[in-house]
Each structure stands twice: as structure tokens, then as C-alpha cells.
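Q: A single structure is presented below for examination.
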Amino acid sequence: MTTALDAADAIVYDLDGTLLELAVDWDAVADDVVGAYAERALIAPTDDLWSLLDAAADYDIEAVVHETIADHERAGARESTLLPLGERLAADIDADRPAAVCSLNCEEACRIALETHDLEEAVDAVVGRDTVETHKPEPESLLAAVEALGGEPERAVFVGDSESDRVTADRAGVPFVSVVEALGE
């Protein structure tokens, strides 16, 4: 039986939770972002981190919020842990096909994490939250990753660990494979 992963001409991976685990306390990041709002005498509209990021433009503090999150991501990338799918990528199991990373993390943190685990040569393109105008689950970042590989959405595959990754793939018209499926578990 041929799976979407086997049939794909190009593979795009999510980063955190898929190839590796960033050492980030996301609750602490959300607290710091709420603090960034408060430092500017603003009442944060929510305590959900990604909603805070999305709302930041309305409060004219998008750069501050992005940098607050990115600081945590960069530090977490340096202390990240390689996961089994990352080990598979490092072993060049799918080296006959181009690969990219499409992540909700900032591009610099993605690159730091890939370098930390000697994966930068295994990946042909990196698209982070700040690489294009929108971020996952909007399809633009995944489509940019597929395009950077010279692929077509229907001939690529997106491998991820979350429902947001699945939604991103659906919106982009890219077949989706979960980490569990990719590992054959």
C-alpha cells in the first residue's frame, strides 16, 4: 500500500513536536507576552499566546510581542531534544526527495534548532511564522515551503503533530501525514 508520504515528491515537516522538541515553557511565554501588553498600559485581550500574537497588531505592539516569543524560541531551540522523526531525517532516509520545515516558530529559532542537531543540510528550505505575511494554520507558509522546494501542493506532503498542522495542510491542498503515521506506528 502506497501512503501519501511514499508518493510525495517533496516533504515538508513541522518542527516543534515533529522533528524535535523545543525546550520552551509556553505558559511562561504567554505570561511574558501579557507582561509586554501591561508594560504599555494595555489590557491583554486573552491569555492564549497565539491569540495574543494575532491581536498585537491591533494594539501596535506586534514587533514587541513577536520578539518576546522569539527570545524564548531561540533559547529553547538551543536546548531542544531530537525526536525519532528528526533522527530519521538526520539518517537521510528520505534524502532522495527535497525537504523543508514549515513552523509556527520564528524562522531564526527553526534554523538554530536545525543547526543544533546537524539537520541544516537535510533541509532545503525553512519557513517560520515570520517568513511570510501569515502563519499556520493559514496556508501561505506551507505553500511557500512547497514552492521553495519546486513542488506542487498535491505532489507534496506535510508531516506534523497537531490538528493545526492538519488544518494548514487541508487549507493548502497538501496531503497530511501525522508523525505517528510517518513513523509507521
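Q: Towards the positive end of the charge dipole of the stretch 42-121, with charges on Cβ (+1 Lys, Arg; -1 Asp, Glu), say which of VAL101, ALA91, VAL65 has the farthest Cα.
A: Looking along the dipole axis, the top candidate is ALA91.
Q: Same structure, new question: By average Cβ neighbour count within 10 Å, what is the ranking of 40-50, 15-25 from highest down?
A: 15-25, 40-50
Q: Moving to a separate point now. How large is the accessible surface of ASP32 in square angstrom, using a 1.4 angstrom probe and rounding to the nearest 10?
A: Counting only protein heavy atoms, ASP32 exposes about 70 Å² to solvent.
Q: Rounded to the nearest 5, what % of DSSP beta bridges with both residues in the chain are antiparallel?
A: 10 percent
Q: Okay, next question. So what are the radius of gyration and Dmax for the Cα set of the chain, in Å?
A: Considering the chain through its Cα atoms, Rg and Dmax are 16.5, 58 Å.
Q: Set the Förster distance to 41 Å, then compute FRET efficiency between LEU183 and GLU79 from the Cβ-Cβ distance, nearest 0.05.
A: With R0 = 41 Å, the Cβ-Cβ based efficiency is 0.95.
Q: Let me ask something additional. With a Förster radius of 25 Å, plug the Cβ-Cβ distance of ASP9 and SER164 into 1/(1 + (r/R0)^6) and report the FRET value to the nearest 0.05.
A: So, using R0 = 25 Å, E works out to roughly 0.55.
Q: By accessible area of protein heavy atoms, probe 1.4 Å, what ranking do VAL12, VAL34 get, highest first?
A: VAL34, VAL12
Q: Taking all pairs of distinct Cα atoms, average 1/r, flip it, and tell me the Kirkwood hydrodynamic radius of the stretch 1-99 in Å to one decimal place.
A: When all Cα pairs of the stretch 1-99 are included, the Kirkwood radius is 15.7 Å.
Q: Once label points are set 7 Å from the Cα along Cα→Cβ at both ILE43 and ASP118, what is their separation, rounded to one decimal in nm?
A: 5.4 nm
Q: In µm²/s, what is D for the stretch 48-134 at 10 °C and 1.306 mPa s, where D = kT/(6 pi eta Rh) by Stokes-Einstein and Rh is the Kirkwood radius from Cα pairs?
A: Once the numbers are plugged in, D ends up at 113 µm²/s.
Q: Summarise the long-distance tail of P(r) for the stretch 107-185 by giving the % of C-alpha pairs beyond 23 Å.
A: 18 percent
Q: Follow-up question, since we're still on this one. Summarise the accessible area of the chain (1.4 Å probe, protein heavy atoms) by the percent that is carbon and sulfur.
A: 46 percent
Q: Let me ask something else. For ALA91 and TRP26, FRET efficiency with R0 = 41 Å and r from the beta-carbon atoms, rounded to 0.05?
A: So the FRET efficiency works out to roughly 0.90.
The values are calculated or read from the model by the stated rules, or taken from the named source; none is laboratory data. Quick caveat, the model's predicted, so the values are computed rather than measured. Here Cβ is always computed from backbone atoms with ideal geometry, including for glycine, and neighbour counts include all displayed protein chains. Accessible surface is based on the protein model in full, side chains and every heavy atom, while ligands, DNA and RNA are left aside. Shrake-Rupley method; radii C 1.70, N 1.55, O 1.52, S 1.80 Å.
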